[in-house]
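S.K.: Before anything else, here's the structure in question.
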Amino acid sequence: MPQSTPHAQTQAPPASPSTPSAQPSPSSPSSPSPSSPSSSGATLYGGARNRRVTVRDLARAKERGEKWPMLTAYDAMIASVFDEAGIPVLLVGDSMGNCHLGYDTTVPVTLDQIAMLTAAVVRGTSRPLIVADLPFGSYQESDVQALRSATRLVKEAGAGAVKLEGGERSAEQIGLLVRSGIPVMAHIGLTPQSVHAMGYRVQGRGEEAAEQLLRDAKAVQDAGAFAVVMEMVPAGVAGEVTRALAVPTVGIGAGPECDAQVLVWTDMAGLTPGRLPRFVKQYAQLRETLTEAVSAYASEVVSGAFPQAAHAFE
Ligand code: KIV
């Protein structure tokens, strides 16, 4: 199994047809889970379900000091689970390359793939803000190329916002998208689309690198980004950036002082095989659970124990 990204490593998953009944209806959102911290509607996590979360809600959360969770999602059914659990922001990340499409890096992921899976995540949810990643090669050429790509994700796939990598170097693209009415989440620190140039190393270490990180964060905020993802940067530096910015920071391997946290869902749920980056905490062991379920099913088919009369028609 290749271990080439800090996000996730996996082989391509098998296709699994879904039942129409498993899709939640966008017009009938489910109630907040019992474990949600609030049903008053004021909070981001587990708050009111009468409309989608917007970038303005995220700004207000920063003002009142509320931390919030974000997860990746790549299909309608899993996204519906995260919606039911009250997650306010879902990222259709290009990490799908590693943990959904069987690539070793995020570099090969295409705009078509992001658009298709974003549309699925939008269909499967009613409340979270859906952020679609602009994949490598879909925005670096010019601000106009960025606008074309982002417009497709918003218009065709139904994303509420897009995310792109880069600090100062991407400020021009961010500026045009924001002026055109497309909310942009920026991504600085370790930027996996640049793996061939920077590798998968902690960024922002040392005085000079920390100053550059702060300049990057301010540049994307000034360009109009509504939030800034910081990946694999020292916790102290991330805290400093968080205090310096008016917009929320979203950490992944950036310590506890960020306004929000994001993890790749297959990593945090224990589905990703192999060694995981240090910043991942696993909250379940889905790979083990699924392997046990599949093995039990297979054994029963082989032994003839399944199906029984209850599973058959007269
Ligand atoms: O693609 C992705 O999943 C990401 C997050 C991990 C921030 O960029």
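S.K.: Per 20 Å bin, what percent of the C-alpha pairs of the chain does each bin hold, from zero upward?
M.R.: 32, 57, 10, 1
S.K.: Exposure proxy check: Phe226, Phe279 ranked by fewest other beta carbons within 10 Å?
M.R.: Sorted ascending by nearby Cβ count, the order is Phe279, Phe226.
S.K.: Aspartates and glutamates within cross-link reach of Lys155: Cα-Cα under 20 Å, excluding same-chain residues under 8 positions apart?
M.R.: The qualifying aspartates and glutamates are Asp75, Asp94, Asp112, Asp133, Asp143.
S.K.: Continuing with this model, one more query. Nearest 0.05, what FRET efficiency do Met198 and Glu300 give at R0 = 41 Å with Cβ-Cβ as r?
M.R.: Working from the Cβ atoms, E equals 0.25.
S.K.: Still on this structure: Going by how many other beta carbons lie within 10 Å of each one, how would you line up Tyr283, Tyr45, Tyr139, fewest first?
M.R.: Tyr283, Tyr45, Tyr139
S.K.: Packing-wise, with mean Cβ within 10 Å as the measure, how do 46-54, 258-266 rank, highest first?
M.R.: Ranked from most to least packed, the peptides come out as 258-266, 46-54.
S.K.: Roughly how far apart, in whole Å, are the Cα centres of region 72-89 and region 192-253?
M.R.: 26
S.K.: Something else about it: Can you pull the semi-axes for region 187-314, root of five times each eigenvalue of the Cα gyration tensor, sorted largest first, whole Å?
M.R.: One finds semi-axes of 45, 15, 12 Å for region 187-314.
S.K.: Hey, got a sec? Which trypsin sites (Lys or Arg not before Pro) in region 248-310 land in a DSSP loop and have at most 16 other Cβ atoms within 10 Å?
M.R.: Counting only loop positions with at most 16 other Cβ atoms within 10 Å, the trypsin sites (Lys or Arg not before Pro) in region 248-310 are Arg275, Arg278, Lys281.
S.K.: So for region 27-283, averaging the separation of alpha carbon pairs under 8 Å that are six or more residues apart and normalising by length, what relative contact order in percent results?
M.R.: 15
Where a number appears in this text, it was derived from the coordinates with a stated rule and is not lab data. Remember, it's a predicted structure, so these values are computed and weren't measured experimentally. As a convention, Cβ positions derive from the backbone with ideal geometry for all residues, glycine included, and neighbour counts pool all protein chains shown.
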